[in-house]
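Reading through the structure tokens given below for one structure.
The values are calculated or read from the model by the stated rules, or taken from the named source; none is laboratory data. Because the structure is a prediction, the values reported are computed rather than measured. No Cβ is skipped: glycine too gets one built from the backbone with ideal geometry, and neighbour counts run over all protein chains shown. For accessibility, only protein heavy atoms count, side chains too; no ligands or nucleic acids. Shrake-Rupley method; radii C 1.70, N 1.55, O 1.52, S 1.80 Å.
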Amino acid sequence: MSALALYESMSDLSGQMADAAGACDWDRLAALEKDCAGLARRLDGGAEPIALSDGEKARKRELILKILDDDAEVRRHTEPWLEQVRQFLGSGARERNVRRAYGARP
């Protein structure tokens, strides 16, 4: 698969990831992220860069910008949820620390 085709696939997946995040479908989001990361590894593992035509360079740029926009959309949905999880886990840790420090009360 060519590098440009990999970017096309990543762009498609990033759009699906944004949709999944918007629907709070965290399992689907995680699965799509895993697939996208696999494509990114293939790009990183590529051999010598291939010379692209001006049109291909423009398309690559468009794809990268779309991927970045989709990533921002995913973060817009996931960061508030992650903050809630951090607060929930943090309050549980505080409670455990208090119990350890002062002992469990009947």
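So what's the angle, to the nearest 10 degrees on a 0 to 90 scale, between helix 54-102 and the longest Cα principal axis of the chain?
Helix 54-102 and the main axis of the chain meet at about 10 degrees.
Which FRET efficiency value, to the nearest 0.05, do you get for Asn97 and Trp26 by plugging their Cβ-Cβ distance into 1/(1 + (r/R0)^6) with R0 = 30 Å?
Values: r = 28 Å, r/R0 = 0.94.
Efficiency computed from Cβ-Cβ geometry: 0.60.
Quick one: net charge of Gly22's neighbours, Cβ under 14 Å, K/R +1, D/E -1?
Net charge around Gly22: -4.
Could you run the Karplus curve 6.51 cos²θ - 1.76 cosθ + 1.60 with θ = phi - 60° over the range 25-39 and give me ³J(HN,Hα) per residue in whole Hz, x for Gly and Pro?
8, 5, 5, 5, 4, 5, 5, 5, 4, 4, 5, 5, 4, x, 5
Under 10 Å, Cα contacts only: if you run a Gaussian network model on the chain, which one of Gly15, Gly90, Gly38 comes out with the highest mean-square fluctuation?
Gly90
I want to make sure I understand the PRE zone here: with the label point 7 angstrom from the Cα of Ser2 toward its beta carbon, which residues in the range 50-67 have backbone N atoms less than 17 Å away?
50-64
Heavy atoms of the protein only, probe of 1.4 Å, neighbouring chains included. What is the accessible area of Ser91 in Å², nearest 10?
For Ser91, the solvent-accessible surface is approximately 50 Å².
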